[in-house]
Structure formats: C-alpha cells, structure tokens
1. Exactly one of these conditions fails for Thr146: (1) under 19 Å from Val226 (Cβ atoms); (2) out of contact with any Lys or Arg (no Cβ under 6 Å at 6 or more places or on another chain); (3) assigned to a strand (DSSP E or B); (4) not charged (D, E, K, R). Give me its number.
2. Considering only the stretch 150-170, I want to know if a residue exists there that is touching a His at 6+ places or on another chain (Cβ under 9 Å), in a loop (DSSP other than H, G, I, E, B) and either under 27 Å from Gly90 (Cβ atoms) or of a type outside the set (Asp, Glu) (or both).
3. Return the pair list, or none, for Cβ contacts closer than 8 Å from residues in the stretch 130-146 that are within 21 Å of Ala157 (Cβ to Cβ) to residues that are buried (at least 18 other Cβ atoms within 10 Å of the Cβ) and among the aromatic types (Phe, Trp, Tyr), at least 6 apart or on different chains.
4. Take the conditions of a type outside the set (A, V, I, L, M, F, W, C), over 30 Å from Ile56 (Cβ atoms), modelled with pLDDT under 95 and surrounded by 14 or more Cβ atoms within 10 Å (Cβ to Cβ) and apply them to Arg155. Does it pass?
5. Quick check on the stretch 229-256: of everything there that is among the hydroxyl-bearing types (Ser, Thr, Tyr) and part of a loop (DSSP other than H, G, I, E, B), which residue is farthest from the chain's Cα centre (by Cα)?
6. Across the stretch 66-94, what is the number of residues that are over 15 Å from His188 (Cα atoms) and among the polar types (S, T, N, Q)?
7. Determine which member of the set Lys183, Lys178, Lys148 is farther than 19 Å from Pro63 by Cβ, of a type in the set (Lys, Arg) and surrounded by 17 or more Cβ atoms within 10 Å (Cβ to Cβ).
8. Taking interchain pairs and intrachain pairs at least six residues apart, which have beta carbon atoms under 9 angstrom, with the first residue in the stretch 190-207 and without any contact (Cβ under 8 Å) to a residue 60 or more places away in the chain and within 22 Å of Ile218 (Cα to Cα) and the second part of a strand (DSSP E or B) and of a type outside the set (Ser, Thr, Tyr)?
Amino acid sequence: MAANDIELRRLVIKAFHMTEVEMGDENKITTSGKMTINNDCLPALAEKYSEVIDHIDVEIIKPGDHDRHTNTIMDIIPISVKVLGKCGEGITHTITGVYVMPTGVDVDGEQAHEFGSSDGNLSEMLHLNRAGTPADDDYIISFNITFKKGMGQERYAIIDAYRMVEEWMNTFRAQLKKFEGTKCTERHEYYDRIRPGQKKVLVIKEMIAHGAMLDTWIFPNQPSGVEGGKSLIDYGAMPVMLTPNEFRDGAIKAMN
C-alpha cells in the first residue's frame with residue numbers, strides 16, 4: 001500500500017477445505033474437512049415448493065466420476081456465508097473442495113432451458129478447472145430438481161427452485177458461520193483503495209436480463225444467494241455499479 005493510498009474497505013475471505021464428502025446421518029460440515037449429506041429433509045422441502053416442484057434428490061459426484069448423465073446444469077454454487085459486515089466488506093467464510101450443482105428437468109423430460117441445454121454427459125457438458133467451475137479433485141453435490149409439467153420454462157418457478165436450493169444450503173451456512181476463523185485452510189485479504197494520481201479503471205460487464213433461464217440476480221444477503229437480492233429484469237436492465245470486492249464476494253448470481 002502506497003503512502004498516499006486511501007483505504008475504503010477490506011474484505012477477508014477464509015476458506016475451509018473439504019477433503020471427504022459422503023452420505024451420512026445428517027447434513028454436517030467440520031473444520032477437519034469432512035462433509036456428510038442426508039436426504040431426509042428433501043421430501044418436506046419439495047412439498048414446500050410443490051406448486052412448481054414435483055420432487056428432488058441429491059447425489060454426490062466424486063472427483064473423476066464425471067462420465068454420467070446430467071440434466072440441464074442450472075448453476076455451480078459455492079457454499080459461502082457472511083460472518084461480519086455486508087457484501088464486499090467484513091469477513092466471509094467459504095467452503096472449497098465441494099460445490100453445489102442444481103440441475104433441472106420437468107416430469108415430461110423437458111429440460112429447464114430456453115436457447116440451449118447442458119443436458120448430456122457431464123464430462124462433456126461441464127468444463128473443469130475454469131473460473132466458476134470445480135477443479136478435477138473437487139466433489140460436486142448434484143441437486144437434482146424435477147419440475148412439474150412446463151414449470152422449467154417459467155421464471156417464477158426457476159426463482160423458487162433457487163430459493164429451495166438456498167434453503168437447503170442454509171443448514172451448512174449456519175455451521176460454517178460458526179467456524180473458528182483460525183482453523184481456516186486459506187485466508188485472503190482484498191482492499192478497495194483509491195490511489196490518487198493513478199489511472200482510474202472501470203470494468204464493464206454485460207449481464208443477461210431476459211427471462212426464466214437467462215436472468216441475473218444481484219446483491220443477495222448471502223454470497224451467491226437469492227434471498228434479499230433482486231433481478232436485473234426488475235431493475236429495468238439499467239447499469240449497476242459494483243466495487244471489486246462486491247464482485248469477489250458473490251454480489252452477482254447468474255440464474256441460468
């Protein structure tokens with residue numbers, strides 16, 4: 001940091017790496033790197049959203065086990081939670097080594113998509129080791145959603161599906177929020193600064209604001225979440241300013 005720099009905000013992201021993911025008696029994560037998944041809560045969760053959801057199931061895809069069928073991939077979501085402060089500042093805890101992958105199809109086999117579908121062989125549809133995708137050695141929790149007839153093309157149904165996924169993730173977020181920060185496996189600090197006399201840089205990113213599977217959610221309560229956020233469609237697709245740290249902290253969620 002230069003002597004005349006003006007520090008505006010600091011974001012600290014603490015990562016807790018999961019090395020073992022398996023089915024178990026409860027939905028639980030530990031600082032020792034173990035995660036267990038239990039499906040007992042899924043029928044009640046599907047019933048809550050029964051207007052648009054027929055049923056759901058969750059399966060664990062282990063590293064290297066990608067030669068399998070997948071329905072349309074709706075998103076790749078990290079499990080992260082704000083511990084202190086709001087989006088773009090304070091402290092965020094996040095899990096590495098495992099990501100949630102919602103998929104969508106309706107009861108008639110119609111894929112949840114508009115202009116293109118990512119259903120097929122997962123090894124061909126998901127490119128690993130890229131920004132926003134799992135690495136070769138990451139686990140994937142495939143959250144498989146079966147919509148009621150025609151609901152995979154309805155905007156409100158897609159939003160409800162993401163709300164449902166977030167509700168399921170909140171069990172892990174509540175535990176992650178209580179993790180002792182000193183036990184993290186990685187710690188990163190990011191600063192929003194003004195550098196007097198230096199060039200001013202503005203990055204322009206064009207985001208989708210079209211419809212059911214071509215939507216963008218911004219400023220949710222939790223990183224890469226839904227609750228508290230708003231669609232760019234509802235903003236009238238007007239320009240929105242974000243700080244670099246808001247971008248890093250999951251202020252934008254692609255709803256596709």
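The values are calculated or read from the model by the stated rules, or taken from the named source; none is laboratory data. The model shown is predicted, which means the values in this text are computed figures rather than measured ones. Positions of Cβ are generated from backbone atoms using ideal geometry, with glycine treated the same way; all protein chains shown enter the neighbour counts.
1. Looking at each condition in turn, Thr146 falls short on (1).
2. Checked against the condition, which is being touching a His at 6+ places or on another chain (Cβ under 9 Å), in a loop (DSSP other than H, G, I, E, B) and either under 27 Å from Gly90 (Cβ atoms) or of a type outside the set (Asp, Glu) (or both), the stretch 150-170 yields no hits at all.
3. That search, which allows pairs on different chains as well, returns Phe143/Trp168.
4. Judged against the criteria, Arg155 is not a match.
5. Only one residue tops the list, namely Tyr235.
6. Adding up the residues that qualify gives 3.
7. Testing whether each residue is farther than 19 Å from Pro63 by Cβ, of a type in the set (Lys, Arg) and surrounded by 17 or more Cβ atoms within 10 Å (Cβ to Cβ) leaves just Lys148.
8. Lys205/Ile252; Met207/Ile218; Met207/Ile252; Met207/Ala254
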